[in-house]
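Engineer: My structure is below; once you've seen it, I'll send some questions.
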Amino acid sequence: MKLLIVVTHLLGTGHLSRALTLARAFGEAGHDVHLASGGMPAPQLNTDGVDMIQLPPLRSDGVNFTRLLDENGCDASLEYHSDRQTKLSTTLHDLQPDVLITELFPFGRRSLRFEFDHLLRAAQALAKPPLILSSIRDILAPPSKPAKAQYADDVIAQFYDGVLVHSDATITPLELSWPVPKTMVPKLHYTGFVAPPAPPVHPKASGKNEILISAGGGDVGTHLFDTAKEAARLETNHSWRILVGGQNAGDRMRHLQSNAPDNLVVQAARPDFRAMLHHAAASVSMCGYNTALDVLQTGVPAVFIPFDEGGEVEQSLRAKSLANHNQIQVLTNGDLTPTTLQGAVKAAISGPKRASTGSYDGANETVRVVESMLLKRPAT
């Protein structure tokens with residue numbers, strides 16, 4: 001079958017990373033898969049084996065997701081949005097996919113609703129309309145108003161054949177963060193968590209006995225990085241390594257390297273980060289979907305400081321669901337100081353080992369679910 005996956009990441013790169021994992025799984029199963037990315041390029045992510053279609057890129061103005069900026073950091077014009085819609089429509093008509101997957105929409109990305117509405121209507125108008133599916137992570141940003149939940153319900157009812165929930169229902173059911181109406185329940189398909197295969201140990205044991213501090217691939221984490229720099233002065237039994245991502249990583253690295261303690265290394269985000277976790281004494285990070293799964297898969301002791309700027313609660317809900325696991329500590333940004341971070345790291349390292357939990361084969365299970373749905377779909 002031929003698939004088109006559409007994703008736009010606006011702040012971090014987690015959405016694109018998960019979409020790429022899905023795309024690779026479909027490709028490895030022998031399917032013809034194409035991924036249209038509408039966010040900023042993320043060269044640190046592995047795109048091997050994936051046909052990437054780059055739309056005119058957008059990013060949010062920090063945590064203001066209603067203000068969208070173009071590749072030059074200016075407000076995206078109507079013409080810029082129109083160019084995105086045209087490229088998406090052209091891609092859809094050229095590919096004539098059997099399956100169309102929209103990542104997060106309509107549960108999020110409402111600032112791009114006109115773009116998605118245009119795409120969905122064009123898909124339904126094809127001579128052979130594709131199976132249309134939404135792909136969502138374990139925890140969503142809860143709707144701030146009933147109208148937002150109703151909007152998602154209406155769009156799902158009008159356009160979608162199913163919703164792929166990339167979670168383990170016994171750990172984080174969708175109801176934890178989103179009001180699920182009875183009409184939507186038959187369309188939900190839990191796949192397990194979508195993660196790449198567990199990373200092998202690092203061939204050079206990089207990260208051994210270090211405290212690894214990361215904040216994903218976006219321009220976030222400044223408070224976390226600054227606090228970790230000072231915590232390294234207090235905790236000198238380990239080396240500390242800060243991995244900086246985002247568009248302005250160079251400036252942020254220079255700031256952190258200035259007057260840094262001797263036991264602190266500051267580097268750009270590394271593609272071998274997951275393998276390094278096997279050897280680390282502890283991981284200190286926010287609590288995005290992909291990072292949380294990296295921690296669970298590798299078994300590294302961890303301190304989560306969930307991202308909560310701009311009223312964001314998704315990571316806080318995820319961290320709360322993981323806080324009862326051994327060797328996992330959670331701090332809020334409001335409680336984050338060099339002293340509290342040092343104490344949380346020490347508590348995580350000294351805690352009893354935790355057992356592996358959850359299903360992480362969500363990418364392959366997604367392939368099986370979609371294959372089954374397509375086979376069962378009535379011929380048109």
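The values are calculated or read from the model by the stated rules, or taken from the named source; none is laboratory data. Because the structure is a prediction, the values reported are computed rather than measured. For neighbour counting, all protein chains shown are included, and Cβ atoms are generated from backbone atoms with ideal geometry for every residue, glycine included. The accessibility values were calculated without ligands, DNA or RNA, using every heavy atom of the protein model including side chains. Shrake-Rupley method; radii C 1.70, N 1.55, O 1.52, S 1.80 Å.
Engineer: Using Cα pairs under 8 angstrom and six or more residues apart, how large is the relative contact order of the chain, in percent?
Structural biologist: That works out to 16 percent.
Engineer: What FRET efficiency would be calculated for the residue pair I171, N72, taking the C-beta separation as r and a Förster radius of 56 Å, to the nearest 0.05? Don't jump to the answer; show the numbers that get you there.
Structural biologist: Details: r = 41 Å, r/R0 = 0.74.
Efficiency computed from Cβ-Cβ geometry: 0.85.
Engineer: Ignoring ligands, DNA and RNA, what percent of the 1.4 Å accessible area of the chain is carbon and sulfur? Walk me through the numbers on the way to the answer.
Structural biologist: Details: 8460 of 16120 Å².
Roughly 53 percent, rounded to a whole number.
Engineer: Quick one: work out the % antiparallel among DSSP beta bridges in the range 13-151, nearest 5.
Structural biologist: On the way: 4 of 14 bridges.
Here the share of antiparallel DSSP bridges comes out near 30 percent.
Engineer: Looking at the chain only, what percent of DSSP beta bridges run antiparallel? Nearest 5 please.
Structural biologist: 10 percent
Engineer: How much accessible area per residue does the range 23-95 have, counting only protein heavy atoms and a probe of 1.4 Å, in square angstrom? Don't skip to the answer; put the middle values down first.
Structural biologist: Details: 3590 Å² over 73 residues.
So the range 23-95 comes to 49 Å² accessible per residue, rounded to a whole number.
Engineer: Shifting gears a bit: Beyond a 31 Å Cα-Cα separation, which of these cross-linked pairs lie in this structure: K145/K229; K204/K353; K145/K320; K229/K353?
Structural biologist: Numbers: K145/K229 39 Å; K204/K353 24 Å; K145/K320 23 Å; K229/K353 27 Å.
Exceeds cut-off: K145/K229.
Engineer: Between the range 156-191 and the range 55-109, what is the separation of their alpha carbon centroids in Å?
Structural biologist: One Cα centre to the other: 24 Å.
Engineer: Which order do the peptides 236-246, 97-107, 252-262, 37-47 come out in when sorted by mean C-beta neighbours inside 10 angstrom, highest first? Present the calculation step by step, with values, prior to reporting the outcome.
Structural biologist: Details: 236-246: 20.5, 97-107: 24.2, 252-262: 14.1, 37-47: 17.9.
Descending packing order for the listed peptides: 97-107, 236-246, 37-47, 252-262.
Engineer: Another question, then. Quote the Stokes-Einstein diffusion coefficient, in whole µm² s⁻¹, for the range 244-339, based on the Kirkwood radius over alpha carbon pairs, a temperature of 37 °C and a viscosity of 0.692 mPa s. Provide the component values of the computation, followed by the final result.
Structural biologist: Values: Rh = 14.7 Å.
Translational diffusion coefficient: 224 µm²/s.
Engineer: List, largest first, the extents of the alpha carbons of the range 243-299 along their principal axes, each in whole Å.
Structural biologist: Taking max minus min along each principal axis of the Cα atoms, the range 243-299 gives 34, 26, 18 Å.
Engineer: Near the amide H of H325, under 5 Å away, which other amide H atoms are found, from residues 5 or more places off or on another chain, if H is placed in the peptide plane?
Structural biologist: Here nothing satisfies the definition.
Engineer: For the range 181-262, what is the relative contact order in percent, using Cα pairs closer than 8 Å and at least 6 residues apart in sequence? If you can, show how the numbers build up before the last one.
Structural biologist: Values: 54 pairs, mean separation 25.6, N = 82.
Reported relative contact order: 31 percent.
Engineer: Given the Cα-Cα distance of T339 and V265 and 0.36 nm per residue of separation, how much length would full extension add, in nm?
Structural biologist: Values: separation 74, 0.36 × 74 = 26.64 nm, distance 1.96 nm.
Separation in residues times 0.36 nm, less the Cα-Cα distance, equals 24.7 nm.
Engineer: Which value in deg cm²/dmol, rounded to the nearest 500, describes the helix-derived mean residue ellipticity at 222 nm for the chain, given -39,500 (n - 2.57) per DSSP H run of n ≥ 4 and division by the residue count? Walk me through the numbers on the way to the answer.
Structural biologist: On the way: 11 runs with 133 residues, N = 380.
After summing the helix terms and dividing by the residues of the chain, the value is -11000 deg cm²/dmol.
Engineer: Suppose accessible area is computed on protein heavy atoms with a 1.4 Å probe; arrange Y360, Y289 from highest to lowest.
Structural biologist: Numbers: Y360 40, Y289 10 Å².
In descending accessible area the options line up as Y360, Y289.
Engineer: Let me ask you something else. Using unit Cβ charges (K, R positive; D, E negative) and no other charged atoms, how large, in debye to the nearest 20, is the dipole of the range 242-380 about its Cα centre?
Structural biologist: About 340 debye.
Engineer: Counting only heavy atoms of the protein chains, get the accessible area per residue of the range 284-332 (1.4 Å probe) and round it to a whole Å² value. Intermediate values should be presented prior to the final figure.
Structural biologist: On the way: 1570 Å² over 49 residues.
Per-residue value: 32 Å².
Engineer: For the range 145-263, treating each Cα as an identical point scatterer without solvent, what Debye log10 I(q)/I(0) comes out at q = 0.13, 0.16 1/Å?
Structural biologist: Normalising to I(0) and taking log10 leaves -0.79, -0.89.
Engineer: Skipping prolines and chain starts, which residues have an amide H placed within reach, meaning under 5 Å, of the one on D51, given they are 5 or more residues away or on another chain?
Structural biologist: Long-range HN contacts for D51: L35.
Engineer: Quick one: P(r) of the range 66-183 from all Cα-Cα pairs, 5 Å bins, percents rounded to integers, in order of increasing distance.
Structural biologist: Values per bin, smallest distances first: 2, 10, 19, 20, 18, 15, 11, 4, 1, 0.
Engineer: Also: Evaluated at 4 °C with a viscosity of 1.567 mPa s, what Stokes-Einstein diffusion coefficient in µm²/s does the chain have when Rh comes from the Kirkwood expression over alpha-carbon pairs? Each step should come with its number before you reach the end.
Structural biologist: Values: Rh = 21.5 Å.
Taking Rh from Cα pairs, D becomes 60 µm²/s.
Engineer: To continue, here is another question. Please sort 185-194, 299-308, 78-87 by packing, taking for each peptide the average over its residues of neighbouring beta carbons within 10 angstrom, highest first. Numbers along the way, then the final one.
Structural biologist: Values: 185-194: 18.7, 299-308: 24.6, 78-87: 15.0.
Sorting 185-194, 299-308, 78-87 by mean packing, highest first, produces 299-308, 185-194, 78-87.
Engineer: Another question, if that's okay. Which lysines, if any, have their Cα less than 28 Å from the Cα of K2, not counting same-chain residues under 8 positions apart?
Structural biologist: Once the sequence-local lysines are set aside, what remains near K2 is K87, K128, K187, K376.
Engineer: Would you work out the charge dipole size for the chain about its Cα centre, treating the Cβ of every Lys and Arg as +1 and the Cβ of every Asp and Glu as -1, and quote it to the nearest 20 debye?
Structural biologist: Numbers: 34 positive and 38 negative charges, 124 e Å.
Magnitude of the dipole: close to 600 debye.
Engineer: Still on this structure, please answer the following. Place the peptides 220-226, 204-210 in order of packing, highest mean first, counting for every residue the other Cβ atoms within 10 Å and averaging per peptide. List each step's numbers first, then the result.
Structural biologist: Working: 220-226: 18.9, 204-210: 15.4.
With the highest mean Cβ count within 10 Å placed first, the list reads 220-226, 204-210.
Engineer: What share of Cα pairs, in percent, lie more than 20 angstrom apart in the range 1-90?
Structural biologist: Numbers: 1478 of 4005 pairs.
Distances greater than 20 Å cover 37 percent of the Cα pairs.
Engineer: Name the long-range amide H neighbours of D61: under 5 Å, sequence gap of 5 or more, or other chain; modelled H, no Pro or chain starts.
Structural biologist: R67, L69
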